[in-house]
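Here the structure is laid out as structure tokens; the discussion comes afterwards.
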Amino acid sequence: MSEQIHDQVSAFIDDELSAEECAFLVRRFERDPESRNKLVRYSLIGSALRGELLQPDPDMLRRRIQDALNGSPSAIKPAASAPQPRAAANARWASPAVGLGLAASVAVAALFTLKAMNETDAVGGSATPVLSTIVPADSSSSQDTRVVTPLPPIRLTNYLLHHGEYARMSRTSVHSNVVGSMEPPVVMDAVMVDDAPPPQTEPEVR
Amino acid sequence: MIPHGTAWARLSCALFALVTLDAAAQDAPQEWLERMNRAIEELNYEGTFVHVLGNHSETMHIVHRNDNGRISERLSSRDGVGREIIREEDIVKFILPEQRLVLVEARTDASELRSALPGYCVELEPHYEFRMGAGTRVADRPVNVVSIKPKDEYRYGYTLYLDRETAMPLKSLLLNERGEIIEQIVFTEIRISDAISPSALQSAIDTQGFELLEPERQRTEEIPLSAPEWRPSMLPPGFRLSAATQSAIGGSDYPVSHLVYSDCLATVSVFIEDPKTDTDVSEGFSSLGSTNAYSRKLNGRSATVVGEVPRQTVRSIALSLSLTAE
Amino acid sequence: MRSTERRLTEPGEAQKSGSGASDLALIKRVQQGDKSAFDLLVVKYQHKILKLIMRYVRDPSEAMDVAQEAFLKAYRAAPSFRGESAFYTWLYRIAINTAKNYLVAAGRRPTQFEVDLQDPEQYESFAKLRDLDTPEGLALSDEIRDAVNGAIADLPDDLRTAILLREIEGMSYEEIAQTMECPVGTVRSRIFRAREAIDKRIGALLQ
């Protein structure tokens, strides 16, 4: 039986299976580690033949990505590749998850997803929270929380769209922030890392 | 008696100084800023830029159309997810394809108010330091560099790379209180043309079947600036109220007060909800990219201050909100 | 035994022998929340993507960072993949954009680093990717490569030919069948048996 499966895995790698057979096999991968490992090893053989293996550890990149997707701290790299010292600027931010680079942002995205599901931010009078679209659809993968590109809290987005109309110098920036999918919004506690003196009192003059 | 030679030297020095002063005035950063603000609004352009926030970067596509003073704009993400913002005649649409959602906000026609805001005002002088940097090239075009440094810690700084021909900002950097770069917008290509066809403003996304979220269409009213309301009692020096409206905002059952404060460069918005609106805004900081926000409750109503300014600024403004007795 | 002519595969070129059904099946699982399915896509494309990125980002460690970001971007964007293009074409675009963005942000113009596809130096720098923490001595990838080469050399001719035509030349089963003048089913069987034989040799090296 398993030889039959392995033969299918071999054909799968070569993209010589039908769509149905593919779907069947891919579902199988999820619950059958042996067939998964076969796939991984067959892939490795192909890479080795083509002289593509990463030195010294062929799995380096894959592990980093796995760690990042699972939110493990080992994947958090210092911003060595960042062109500017963003890490220092971020150090002011109270949330521990912020400022640690890509891996953390994915982890925060997961946090946000869970948090968002508890919010009852009803928009436009509709009782169905918009954020319900983030709920994982497949119950069989209950272990995997579906991490989607997080939607900023609706209210803040609405505000920003209005603010953007007046922001002028920063409108492109505001819109880019709203449209962009990179940084999930972070809601932090009202804790100041370093309290600055209040601005000079200047009564509002009209 | 002044020797002839020295007199001539002094005269030529003075002349030279005049000449350089003239040249300097031509290149004055303040003038470039004015030109830039006009260019952003008035030109027709289409381009691709990279938006960089720390380690993250994303490619965006922008189309800006000026049809006899009627401005429309489309900004879309080119990377993967493909969200879009489209500013049309009287609405702002935010399209989220993966959530199959379209958010629509009424666009306060701030154009009149905006033109009332000068591109540069003298009030900026005490709060920012302006300097011209060495020219360079961005997106294959020669640019002049304007550096704007805040003189206090309540605002951010900017380094602007302005197209020598049109004053379009082809690259802009947002700098924090320590001069570190928070955000970059860098054009990789741009086409400035006489006209943009309206079809360029159409969304590429088929929103058939998407959920549409739109606040109930209520008229945006201008609150007379003297009406008694919640106002910040403390503002960083130089910030003035430049607009006050009451608008329907998505998610709020009742109109929201929107106050706009500006020091001519940075803009801060204060949103104050009606106490009858049941808002779920958590108190404290939020942020979206380079925009900081601070929310709090004011006698049962929510107030949120947002702006491209340091966190402490939005917090201080929020905490200083109080009822003005008028 | 192995062909000395390396082949850079581009989207649309070899390795797309089938209809892309396997990639599609995997990405669909990802869209349903199966992270492990994404891992299999990473396994399949990590080397190609890294090679691609190194055409723009020379430094191996930076290229690794960029590759990681590209894959994570692809993961986050998976919900919006609609299958209109091949998965690899989509991933390829994301990788190129990520690399270019990185260069722009670092102040380097992407066009400065467009390299000649045929430039053999590319393969050299690729091989130089080193994890500084690894001590001197035979690296795991070297061991794997040696084991694979040894196994290939020991294969019967028909199995070896079949697997090399598939993996190196990127031919489809149909094309291999024509080349070797045998039925498609035989091609499939030969390739499978070749893989199994090689797998026995490297199995010990991997866990």
Please identify the pairs in which a residue from the range A:57-69 that is more than 7 Å from chain C (Cβ to nearest Cβ) has its Cβ atom under 6 Å from the Cβ atom of a residue that is surrounded by 21 or more Cβ atoms within 10 Å (Cβ to Cβ), counting only partners at least 6 apart or on another chain. A:Asp67/A:Ala75
Single residue of the range C:49-95 satisfying the filter (surrounded by fewer than 22 Cβ atoms within 10 Å (Cβ to Cβ) and of a type in the set (D, E, K, R)) that is nearest to C:Ala105 (Cα to Cα): C:Glu62
Whichever residue in the range A:24-41 is more than 25 Å from the chain's Cα centre (by Cα) and facing another protein chain (nearest Cβ under 8 Å) and, among such residues, is farthest from A:Asp7 (Cα to Cα): A:Arg41
Could you check, for the range B:287-297, whether at least one of its residues is on the phi < 0 side of the Ramachandran plot, part of a loop (DSSP other than H, G, I, E, B) and modelled with pLDDT of 80 or more? yes
Hey, B:Ser199 more than 9 Å from every other protein chain (Cβ to nearest Cβ), under 21 Å from B:Ala139 (Cα atoms), surrounded by fewer than 17 Cβ atoms within 10 Å (Cβ to Cβ) and modelled with pLDDT of 80 or more or not: no
Every residue in the range A:1-34 that is of a type in the set (S, T, N, Q) and either assigned to a loop (DSSP other than H, G, I, E, B) or farther than 19 Å from C:Val43 by Cβ (or both), please. A:Ser2, A:Gln4, A:Ser18
With the requirement that a residue be free of Cβ contacts under 8 Å to residues at least 24 places away in the same chain and either out of contact with any Asp or Glu (no Cβ under 7 Å at 6 or more places or on another chain) or over 25 Å from A:Tyr42 (Cα atoms) (or both), what does the range C:38-60 give you? C:Asp39, C:Leu40, C:Val43, C:Lys44, C:Asp59
Can you work out which of the residues in the range B:165-196 that are closer than 27 Å to B:Asn292 by Cβ and among the small types (Gly, Ala, Ser) is nearest to the other protein chains (Cβ to nearest Cβ)? B:Ser172
Got a sec? Which helices (runs of 4 or more DSSP H) wholly within the range C:145-207 have at least 2 residues that are acidic (Asp, Glu) and over 17 Å from A:Leu53 (Cα atoms)? C:157-167, C:173-180
B:Pro118 - would you say it is at pLDDT below 80, more than 30 Å from B:Gly250 (Cβ to Cβ) and assigned to a loop (DSSP other than H, G, I, E, B)? yes
Taking the options C:Ala63, C:Ala67, C:Ala37, name whichever one is within 7 Å of chain A (Cβ to nearest Cβ) and either farther than 28 Å from A:Asp32 by Cβ or among the β-branched types (Val, Ile, Thr) (or both). C:Ala67
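The values are calculated or read from the model by the stated rules, or taken from the named source; none is laboratory data. Predicted, not measured: the structure shown is a model, and the values here were computed from it. Cβ coordinates were reconstructed from backbone atoms using ideal geometry, including for glycine residues, and neighbour counts include every protein chain displayed.
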